[in-house]
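As structure tokens, the structure follows; a few thoughts come after it.
The values are calculated or read from the model by the stated rules, or taken from the named source; none is laboratory data. Just so it is clear, the model here is predicted, and its values are computed rather than measured. Neighbour counts run over all protein chains shown; Cβ positions are idealised from the backbone, glycine included.
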Amino acid sequence: MKRLLVSIVIMATSIASIYAQKKLVLYYSETGTTKTVAEELQKQLSADIEVIECVKPYSGNFNETMQRGQREMQSGEWPELKPLKSKLTNYDVIFLGYPIWFGTYANPIATLVKNNDFAGKTIVPFCTFGSGGLNTSADALKKALPKATIKEGYGLRTARVAAAAKEIKRFLVENHFVQGTITPLPAFSAQKPVTDAEKTIFNDACSSYQFPLGTPSTVGSRKTPDGTEYKFTVKSNGFGGGGGESIIYVVVEAGAKPEFTQVVR
Ligand SMILES: Cc1cc2nc3c(=O)[nH]c(=O)nc-3n(C[C@H](O)[C@H](O)[C@H](O)COP(=O)(O)O)c2cc1C
């Protein structure tokens, strides 16, 4: 009993100290989606915010950014950034935001992590993407910043930006960055072969995406406050991944069309 009380007090104290930590939302955004998420995070966290800017901005045109981005990746000549106004030493926790480019964090973040000292900082990655890339970019940050602590992050599809405020609230409360009330989510049920009805849900959520996302083989599900969430195991069609396996999450909310929330490759 005494031990239980001691651990409750330790937990309450450490959560209280998380609330007191100084937080900065630091982000790059080319076409505005990550900016929307960054500003929502700033609002809900009451944190400071700074945008990362390139000396020579990208044009905002998809094909041009693709070409320039690929050239930079191949040559390792990352884009030059304007100096940060914020002093990173003033912050305990940095919410670091970026769009996913080529499966990882956008090129300006490569410059940022090369040129700044993040040792001892807690970093919470957040990103926006066409289909996915939170896990791969967080792994890349862990490699690039071995002296920082990279926490669980938040990722949002460009097509689902309307869900940002609600999802961010859940993310911040679940991870004890803010106080609030949310309904805890149960675990997913065990993976089972997909039924025809589940295949239809998968296709409704995924078939309009610009690239083929594969064929679902098994699925687990769970009830959420707004409907049902599915976790599909998917055999990729070979596009971009050589026929590997991915996990695709799909939500079906009352009165709404099924939507996939992210692909984990
Ligand atoms: C050069 C480039 C590469 C991209 N690569 C990916 C990718 O590998 N995976 C993905 O899901 N989305 C990819 N996207 C889509 C962006 O991640 C997505 O549109 C993002 O929300 C843009 O954020 P922003 O509006 O803050 O710039 C790419 C976009 C660009 C311009």
Pick from the stretch 134-143, criterion without any contact (Cβ under 8 Å) to a residue 60 or more places away in the chain and closer than 20 Å to Ser29 by Cβ, ranking: surrounded by the fewest Cβ atoms within 10 Å (Cβ to Cβ): Ala140
Matching residues in the stretch 17-63 - criterion: being more than 15 Å from the ligand (Cβ to nearest atom), in a helix (DSSP H, G or I) and of a type in the set (A, V, I, L, M, F, W, C): Ile18, Ala20, Leu45
Within the stretch 246-264, tally of residues that are at pLDDT below 95 and surrounded by 13 or more Cβ atoms within 10 Å (Cβ to Cβ): 0
Residue satisfying condition, being part of a helix (DSSP H, G or I) and more than 20 Å from Gly132 (Cα to Cα), within set Thr200, Thr181: Thr200
Filter result (within 19 Å of Val264 (Cα to Cα) and hydrophobic (A, V, I, L, M, F, W, C)) within the stretch 183-230: Ala187, Phe188, Ala190, Val194, Ile201, Phe202, Ala205, Cys206, Phe211, Leu213, Val219
Residues of the stretch 184-197 that turn out to be more than 30 Å from Thr122 (Cα to Cα), assigned to a loop (DSSP other than H, G, I, E, B) and touching a residue at least 24 places away in the same chain (Cβ under 8 Å), as a count: 4
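Restricting the search to the stretch 108-149, which residues are among the hydroxyl-bearing types (Ser, Thr, Tyr) and within 16 Å of the ligand (Cβ to nearest atom)?
Hits for the stretch 108-149 are Thr111, Thr128, Ser131, Thr136, Ser137.
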Selection within the stretch 79-107 - within 14 Å of the ligand (Cβ to nearest atom) and over 25 Å from Ala164 (Cα atoms): Pro79
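Determine, yes or no, whether Glu198 is on the phi < 0 side of the Ramachandran plot, over 24 Å from the mean Cα position of the chain (by Cα) and not aromatic (Phe, Trp, Tyr).
yes
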Residues satisfying the stated conditions in the stretch 64-78, i.e. within 11 Å of the ligand (Cβ to nearest atom) and closer than 18 Å to Gly97 by Cβ: Thr65, Gly69
Test: Tyr209 is more than 25 Å from Leu24 (Cβ to Cβ) and within 14 Å of the ligand (Cβ to nearest atom): yes
